[in-house]
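Participant: Dropping the structure in here first, questions after.
The values are calculated or read from the model by the stated rules, or taken from the named source; none is laboratory data. For clarity, every value in this text was computed on a predicted model and none was experimentally measured. Note that each Cβ is placed from the backbone with ideal geometry, even for glycine, and that neighbours are counted across all protein chains shown. These accessible areas exclude ligands, DNA and RNA; they are computed on the full protein's heavy atoms, side chains included. Shrake-Rupley method; radii C 1.70, N 1.55, O 1.52, S 1.80 Å.
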Amino acid sequence: MELRLQDLTTEQKIGMILTATFSHGEEDIDYTLQLIREHKLGSAWINHFNPRRDELIRRIREAADYPILICSDAEAGHGDYKIPQAISLACTGSDPALAYSFGKVTAIQLHALGYNVVPNPVLDMTGNHNCPCGANTRVYGNDKDTVAKLGIAIGRGMHDGGIMVMAKHYPGEGDMGVDTHMQEALLEETEEELLEYRLYPYLKMIEAGVLDAAMTGHVRLPNIDPDYPASLSRKVLDILRRKGFDGFYMTDALSMMGIVLKYGKYECNGLAAAAGNECVLSWGISNREAYEALLDAYRRGVITDELLDVSVTRILAAQHQAVLFEKPKCTEITEEDKENFRRLNEDCIRRVASEGVTPAIDKNGRHLFVVLIDNDYDPNAKEDAPIGNFDWYLPKKMKAKIQATYPNSDVHFLRYFPSASESSALFNKQIGYDDVIYVTYWQTCAYLGRECLSSRVIGVMEALQTTNRIAAVVHFGNPYLMEEIPHVDRVLFGCCSLQCTLHAFDVLCGDAEALGVEHYKVNLK
C-alpha cells in the first residue's frame, strides 16, 4: 500500500525524513526494522557492496508494507559491469550512447537487487590539479554542455532500468582544494554564477524530466549564505526550487568533518531538515540517535509542521514513483551494452609521445617495469590484493600481464614512500636493463587529502632522468599528477579499472590502439 500524509502522526512524519543506515549493530537494525513496521521510516541506505546487502534488503522488504526508498551509491556501476569511474565517459569522447548504456545497465542490476534510488550522475565540474576525494576522476569534465549531455543520457538509462535519478553533489563541488570529509570547504560564487555554470546541468536535466532528486554537498558559499554550508542552507537549496525542481533533496553523509566539527553530530540533523532536505543521511550516529535528534529538533521548533508536511509530501511522491518503476522498461543487458562497457574500459586510454619518438616500445626489449605500490602492500603474499580501497589496481595481475607481453623484461615493485635501501635497490637493479618504465596511479578517497605523488617517488624519477633512463610512464587515475614528473618521451593515461590497467600494456607495445581523447589540459614537462 501507499501511505497518505493525512494518516501519519508527527512521529511517523519525522521518520519519513530520515534515511537509515545499517552500520551500528544488530540492536540498531532491529530498532530500524521496527520503525519501518510502524511507518516511521522514509528511506534506507545500504551500500551495494555491503556483504549483508541481500539479507538487509530482504528484511526491509519483509518489514515494509509500503514502498520504502532503498538507496546506494554506484558511481562506477556494479558487479561485472563497471566503468573506470566517470572520467572514462569523457576519455572515450563523451558519447551519450555509452552514457545511456552505463545508466541503464547499472539500473537493471541494482533494481534486480531491490534498490529504487541511486545517486547518479555526478554533476560536479572541475578542472583543477588539486581536487581531493577523487574529484578529477569522479566527474565527466568541466564543460557544462558536455556534463549536461552525459547526465541526461545516464538519467534516461537509469529510468529505463527502473531506478530514480539523484544527481550530486548539489550545488557543485570539486574546485575547493580541500576534502569536506576532513574540513569545511568554500566556493566563492554568487547565485548568478552558480546558475550560469555549476547548476547548468541540473537545469538541463530538469528540462529533460530526468532529475528526481539531488544529493546536497557540504561546501559553503559565503556569497549566498555566510552562515551555513549548502546541505544546511535554505538559501542554497531554494535556488533550484525556484527553477522548477520539485524532487527531493538528500544530504550527503552528515558524518563528515566539514559538518560535524562545526555543528556537532546531532544538531546537524535538525538543521538539515530545516534547510529543506527531505532525506537526512546521518551516517555517523545510530538510527535511534538520528531519529531522536530529528524529533528533538521538531520539539524545539527547528523543524516546523509546515516544513515537515512539505518534505513528507515529496517523500510520498517519490515512494509513489518507486511503485511506477517496479516494472521497468528495460530488464536485459544487450550485446551492445556489453560492447559499450568494453569500450569504456579500454578505449579510454590516451597516449602522448614526444615529436620524433616511436609511440610504442619494443615488447622484445629488456625493460624494467617499476610498479608503484602502497606502503602497506605485501608483494610476498600468496594472494594478490588491491591497493588501499581500490578493487582495480592489482600489482601481481599487472606483473603477470607484463611478463606475458614483454618476455625479456622484469617487474620491480616500489613503495609510494620508499626507504633509502629500497631506492638503492632500484637504482642498482635498473643498470642491467635497456630502460625503465614506470607504472603509477592515483585514485584518492575520503580522508586522504590532496592528490600527489610522493616527493620520494618524484626524486627517484628525476635522478633516473638525468640520463634519460625512463622510456615511458603508464599512469592510471588523476591525469594532473603527470605534471609533477620530469619530462618523459611517452606517457599513457589510463583510467581506474582492472580491465583498463591490463589493456594498457597492449597499447604500450602497439598491439592495441590508444583511442582515448584528452579530458583535461595536462601540461607535461
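Participant: Could you compute the FRET efficiency for Glu62 and Thr467, with r as their C-beta to C-beta distance and R0 at 56 Å, rounded to 0.05?
Facilitator: 0.25
Participant: Starting at the first residue of region 211-221, write each ³J(HN,Hα) from the Karplus equation 6.51 cos²θ - 1.76 cosθ + 1.60 with θ = phi - 60°, in whole Hz, x for Gly and Pro.
Facilitator: Going residue by residue, I get 10, 8, 7, 9, 8, 8, x, 9, 6, 9, 10 Hz, with x marking Gly and Pro.
Participant: Quick one: accessible surface of Arg52, probe radius 1.4 Å, all protein chains present, in square angstrom to the nearest 10.
Facilitator: 80
Participant: Would you calculate a helix-derived [θ] at 222 nm for the chain, using -39,500 (n - 2.57) for each DSSP H run of n ≥ 4 and dividing by the full residue count, to the nearest 500?
Facilitator: Result for the chain, helices only: -11500 deg cm²/dmol.
Participant: Kindly report, to the nearest 10 Å², the accessible surface of Thr466 as traced by a 1.4 Å probe over protein heavy atoms only.
Facilitator: 110
Participant: Next question. Got the relative contact order for region 56-160 handy, in percent, Cα pairs under 8 Å and 6 or more residues apart?
Facilitator: Relative contact order here is 36 percent.
Participant: Note the angle between two axes, namely the Cα long axis of helix 395-405 and the longest principal axis of the Cα atoms of the chain, as a number of degrees from 0 to 90, rounded to the nearest 10.
Facilitator: For 395-405 against the chain, the angle is about 40 degrees.
Participant: So, one more: Taking θ as phi - 60°, what are the ³J(HN,Hα) couplings along region 94-102 by the Karplus curve (6.51, -1.76, 1.60), each to the nearest whole Hz, with x for Gly and Pro?
Facilitator: Each residue of region 94-102 in turn: 6, 8, x, 5, 5, 5, 4, 4, 4 Hz.
Participant: Taking the Cα of Lys235, stepping 7 Å toward and past its beta carbon, and measuring to each backbone N in region 199-222: which are under 14 Å?
Facilitator: Residues 220-222 qualify, since their backbone N sits under 14 Å from the label point.
Participant: If you roll a 1.4 Å probe over region 1-47 with all protein chains in place, what percent of the accessible area is carbon or sulfur?
Facilitator: 44
Participant: Let me ask something else. Go through region 223-232 residue by residue and turn each phi into a ³J(HN,Hα) via Karplus (6.51, -1.76, 1.60, θ = phi - 60°); whole Hz please, and just put x for glycine and proline.
Facilitator: Karplus values, whole Hz, x for Gly and Pro: 7, 10, 9, x, 9, 10, x, 3, 5, 10.
Participant: Report the FRET efficiency, 1/(1 + (r/R0)^6), for Asn375 and Asp305, where r is their Cβ-Cβ distance and R0 is 45 Å, rounded to 0.05.
Facilitator: 0.25
Participant: Next up: Over 10 Å intervals from 0, what percent of Cα-Cα pairs in region 71-224 sits in each interval?
Facilitator: All Cα pairs considered, the percentages come to 12, 44, 34, 10, 0.
Participant: Specify the longest stretch of the chain that does not include any exposed loop site, a site being one of the chymotrypsin sites (Phe, Trp or Tyr not before Pro) with a non-H, G, I, E, B DSSP assignment and at most 16 other Cβ atoms within 10 Å.
Facilitator: It runs 198-446.
Participant: What Kirkwood hydrodynamic radius do you get for region 190-231 when you take the inverse of the mean 1/r over all pairs of distinct Cα atoms, in Å?
Facilitator: It works out to 11.4 Å.
Participant: Do any GluC sites (Glu not before Pro) in region 238-345 lie in a loop, going by DSSP, with at most 13 other beta-carbon atoms within 10 Å of their beta carbon, and if so which?
Facilitator: Sparse-neighbourhood loop GluC sites (Glu not before Pro): Glu326, Glu332.
Participant: Taking the Cα centre of region 330-413 as the origin, how large is its charge dipole in debye, to the nearest 20, when only Lys and Arg (+1) and Asp and Glu (-1) carry charge on their Cβ atoms?
Facilitator: 460
Participant: If you bin the C-alpha pair distances of region 373-499 every 10 Å from 0, what whole percents do you get?
Facilitator: Computed distribution, short to long bins: 11, 44, 39, 5, 0.
Participant: Where the centroid of each part is defined by its Cα atoms, how far is region 345-417 from region 67-124 in Å?
Facilitator: A separation of 28 Å, based on Cα centres.
Participant: Here is a follow-up. Check each of the trypsin sites (Lys or Arg not before Pro) in region 228-260 and keep only those in coil by DSSP with at most 10 other C-beta atoms within 10 angstrom; list them in order.
Facilitator: Taking region 228-260 and a limit of 10 other Cβ atoms within 10 Å, the loop trypsin sites (Lys or Arg not before Pro) found are Arg242.
Participant: Put Val139, Val302 in order of accessible area, largest first, 1.4 Å probe: what do you get?
Facilitator: Heavy-atom accessible area, descending, gives Val302, Val139.
Participant: How much of the DSSP beta bridge set in the chain is antiparallel, as a percent to the nearest 5?
Facilitator: 15
Participant: Would you mind pulling out the separation of the Cα centroids of region 227-275 and region 442-521, in Å?
Facilitator: Each part reduced to its Cα centre gives a spacing of 38 Å.
Participant: Can you tell me what share of the DSSP beta bridges in region 16-153 is antiparallel? A percent to the nearest 5 is fine.
Facilitator: The antiparallel proportion sits near 25 percent.
Participant: Between Lys397 and Lys329, what length comes free when the chain is fully extended (0.36 nm per residue of separation minus the Cα-Cα distance, one decimal in nm)?
Facilitator: Full-extension gain reported as 20.6 nm.
Participant: Please give the helix 26-37 orientation as an angle from the longest Cα principal axis of the chain, in degrees from 0 to 90, rounded to the nearest 10.
Facilitator: The helix 26-37 is inclined about 50 degrees to the chain.
Participant: Further question on the same structure: Can I get the semi-axes of region 206-293's equivalent ellipsoid? Compute them from the C-alpha gyration tensor as square roots of 5 times the eigenvalues, in angstrom, largest first.
Facilitator: 23, 16, 10
Participant: Compute and list, largest first, the equivalent-ellipsoid semi-axes of the chain from the alpha carbon gyration tensor, each √(5λ) rounded to a whole angstrom.
Facilitator: Over the Cα atoms of the chain, the semi-axes work out to 44, 23, 22 Å.
Participant: Just reorder Asp384, Asp179, Asp227 by solvent-accessible area, largest first, 1.4 Å probe, all chains present.
Facilitator: These residues rank, largest area first, as Asp227, Asp384, Asp179.
Participant: Evaluate the relative contact order of the chain (contact order divided by residue number), counting alpha-carbon pairs under 8 angstrom at least 6 apart; express in whole percent.
Facilitator: 16
Participant: Could you tell me which of rounded, prolate or oblate describes region 18-81, using a ≥ b ≥ c as the square roots of the eigenvalues of the alpha-carbon gyration tensor, with rounded for a/c under 1.5 and, failing that, prolate when a/b is larger than b/c and oblate otherwise?
Facilitator: prolate
Participant: Compute, for Glu207, the solvent-accessible surface of its heavy atoms (probe 1.4 Å) with the complete set of protein chains present, and express it in square angstrom to the nearest 10.
Facilitator: 140
Participant: Further question: Could you sort Lys382, Lys329 by their accessible area in this structure, using a 1.4 Å probe and putting the largest first?
Facilitator: Greatest to least solvent exposure: Lys382, Lys329.
Participant: Also: How high is the relative contact order of region 176-325? Use alpha-carbon pairs under 8 Å, at least six apart in sequence, and give a whole percent.
Facilitator: Value for region 176-325: 22 percent.
Participant: Lys104: which lysines have alpha carbons under 25 Å from its alpha carbon, excluding same-chain residues fewer than 8 sequence positions away?
Facilitator: Within the straight-line cut-off, Lys104 pairs with Lys82, Lys144, Lys149, Lys168, Lys204, Lys327, Lys329, Lys338.
Participant: Asp227 to Ser23: extension gain in nm, 0.36 nm per residue of separation minus the Cα-Cα distance?
Facilitator: 70.3 nm
Participant: Hey, what angle do you get for helix 53-63 against the long axis of the chain, alpha-carbon based, 0 to 90 degrees rounded to 10?
Facilitator: 10
Participant: Let me ask you something else. Computed from the mean reciprocal separation of all distinct C-alpha pairs, what Kirkwood hydrodynamic radius does region 46-152 have, in Å?
Facilitator: 15.0
Participant: Based on the alpha-carbon gyration tensor of region 268-327 and its eigenvalue square roots a ≥ b ≥ c, which shape applies: rounded if a/c is under 1.5, prolate if not and a/b is larger than b/c, or oblate?
Facilitator: oblate
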